[in-house]
């Protein structure tokens, strides 16, 4: 059996300042990479897409907490009579992170509906024939 594709885990401490988010990112990374490796869909070229997926998960979680804490709607400023209530910027960011995660999950074959559309990573096989030993190396 060939060695699994190597995809280096990002240095989360350079990308995330919160310790809890770094631990969550490590967990997401391990879960997704393990799943892709088991399905033989993991390739070195997936590295950055996986990083973006994990960061989308983290941003989604971060914004979800902010919406839960501050509410879905930002109340208008009391001193401005023309001000209106607006959707929270965290809610909008949460929706964008959700869309990004869904798109990347589909591209990587992680969503159940797209699993069959993602092919296994082809492994290079060196073809050998019995005459190779007699004829010597090509070239």
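Worth pointing out:
- Residue in the range 73-91 that is surrounded by 10 or more Cβ atoms within 10 Å (Cβ to Cβ), modelled with pLDDT of 85 or more, part of a helix (DSSP H, G or I) and in contact with a helix residue (DSSP H, G or I) (Cβ under 8 Å, 6 or more places away or on another chain) present: yes
- The residues of the range 47-60 that are surrounded by fewer than 20 Cβ atoms within 10 Å (Cβ to Cβ) and either outside any helix (DSSP H, G or I) or in contact with a helix residue (DSSP H, G or I) (Cβ under 7 Å, 6 or more places away or on another chain) (or both), listed by number, are 49, 52, 59, 60.
- When 68, 101, 106 are checked against the criterion of being touching a helix residue (DSSP H, G or I) at 6+ places or on another chain (Cβ under 7 Å) and without any contact (Cβ under 8 Å) to a residue 12 or more places away in the chain, 106 stands alone in meeting it.
- Filter result (without any contact (Cβ under 8 Å) to a residue 60 or more places away in the chain and buried (at least 17 other Cβ atoms within 10 Å of the Cβ)) within the range 23-46: 24, 25, 28, 29, 33
- The condition of being in a helix (DSSP H, G or I) and either within 17 Å of the chain's Cα centre (by Cα) or modelled with pLDDT under 65 (or both) does not hold for residue 66.
The values are calculated or read from the model by the stated rules, or taken from the named source; none is laboratory data. These figures come from a predicted structure and were not determined experimentally. Cβ coordinates were reconstructed from backbone atoms using ideal geometry, including for glycine residues, and neighbour counts include every protein chain displayed.
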